[in-house]
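Student: Provided herewith is a single structure, encoded as C-alpha cells, for subsequent inquiry.
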Amino acid sequence: MTSTSPDVTRPAPRAEADGTAGSTAGDITDELVADVFARACPSRRTLENVTGKWGALALAALAEGSHRFNALRRRVDGVSEKMLAQTLHVLERDGMVVRDVRATIPPHVEYSLTPLGERVAARLCDLIRLVEEEMPAVLAARARYDRARAADRAADRAADRAADRGADRAADRGAG
C-alpha cells in the first residue's frame with residue numbers, strides 16, 4: 001500500500017517475458033496498485049462498502065450460509081428492506097455476494113458469498129469476535145471516560161460561576 005500522491009492510484013508497469021518493463025495498457029485489474037489511503041483509489045469505496053454498518057453485518061450473516069432476503073433481514077436485526085437491498089447490490093457489484101435466482105413460482109432468490117466474499121467475511125468475523133470478547137473492557141473504558149468528562153464539565157461550570165461572581169463584585173465596586 002504505497003502512495004505517491006494523495007489522490008492518484010497508478011497502474012503498475014507490466015513486465016514482459018524478457019524481464020523488461022512493458023506497456024501499462026491492458027486489463028486494469030491486473031495492473032492496479034491499490035492504495036486505500038489515496039483519495040481516488042477504488043479500494044477506498046470497496047472498504048467503505050465492506051466495513052459499513054450493514055455491509056459488515058450482511059457479510060458476517062452470509063458467512064453462516066446462504067440466506068433468502070427476508071431471512072437475511074431477520075438475521076441482520078434493525079436493517080430496513082431498502083438498506084439491505086442497496087447493501088446487497090453494492091456487495092454483489094464488488095464481487096463479494098452472488099444473487100441466485102431460481103425460476104420457480106414464486107421466484108426463489110438466495111444470497112451467498114463468492115470466494116472473495118468468504119475471505120473478506122472470515123476476517124470481518126474475526127474482528128466481530130474480538131470486539132464481542134472485549135466488550136467488558138470497552139464498557140469499562142466508556143464508564144471511565146464518561147466519569148472524567150462529567151468531572152471536567154462540573155469543574156468548568158464551577159470555574160465559570162466563580163468568574164461570574166468575580167465580575168459581579170468588580171462591577172459592584174465600580175458602581176459604588
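The values are calculated or read from the model by the stated rules, or taken from the named source; none is laboratory data. From a predicted model like this one, the values you see are computed outputs, not experimental measurements. Ideal geometry is used to build each Cβ from the backbone, glycine not excepted, and the neighbour counts take in all protein chains shown. Accessible surface is based on the protein model in full, side chains and every heavy atom, while ligands, DNA and RNA are left aside. Shrake-Rupley method; radii C 1.70, N 1.55, O 1.52, S 1.80 Å.
Student: Given points 7 Å out from each Cα along the Cα-Cβ axis, report the Val109 to Glu64 separation in nanometres with one decimal.
Tutor: 2.1 nm
Student: While we're here: How far apart, in nm, are two points set 7 Å out from the Cα along the Cα-to-Cβ line at Val33 and at Ala159?
Tutor: Reported label-point gap for Val33 and Ala159 is 4.9 nm.
Student: Search the structure for amide H atoms under 5 Å from the amide H of Arg68, placed 1.01 Å from N in the peptide plane, and list their residues when 5 or more places away or on another chain.
Tutor: Long-range HN contacts for Arg68: Tyr111.
Student: Based on the Cβ-Cβ distance from Glu81 to Arg102, what FRET efficiency comes out when R0 is 22 Å, to the nearest 0.05? Could the numbers behind the result be given before it?
Tutor: Numbers: r = 21 Å, r/R0 = 0.94.
Here the calculated transfer efficiency is 0.60.
Student: Can you sort Ser66, Ser112 by solvent-accessible area, 1.4 Å probe, largest first? Present the calculation step by step, with values, prior to reporting the outcome.
Tutor: Details: Ser66 65, Ser112 30 Å².
Most to least solvent-accessible, the answer reads Ser66, Ser112.
Student: At R0 = 30 Å, how high is the FRET efficiency between Asp168 and Arg147 if r is their beta carbon distance? Nearest 0.05 is fine.
Tutor: On the way: r = 32 Å, r/R0 = 1.06.
Using R0 = 30 Å, I get an efficiency of 0.40.
Student: Could you check the spin-label model distance between Lys53 and Glu133? Points 7 Å from the Cα along Cα→Cβ, value in nm.
Tutor: Inter-label distance under the simple model: 2.7 nm.
Student: Pick out, in residue order, every one of the GluC sites (Glu not before Pro) in the range 101-176 that is DSSP loop and has at most 12 other C-beta atoms within 10 Å; say none if there are none. If you can, show how the numbers build up before the last one.
Tutor: Working: sites: Glu110, Glu118, Glu132, Glu133, Glu134; in loops: Glu134.
Listed in order of number, the matching sites are Glu134.
Student: Per the 1.4 Å probe, what fraction of the accessible area of the range 46-176, in percent, lies on carbon and sulfur atoms? Walk me through the intermediate numbers first.
Tutor: Details: 4950 of 9110 Å².
Ligands and nucleic acids excluded, carbon and sulfur reach 54 percent.
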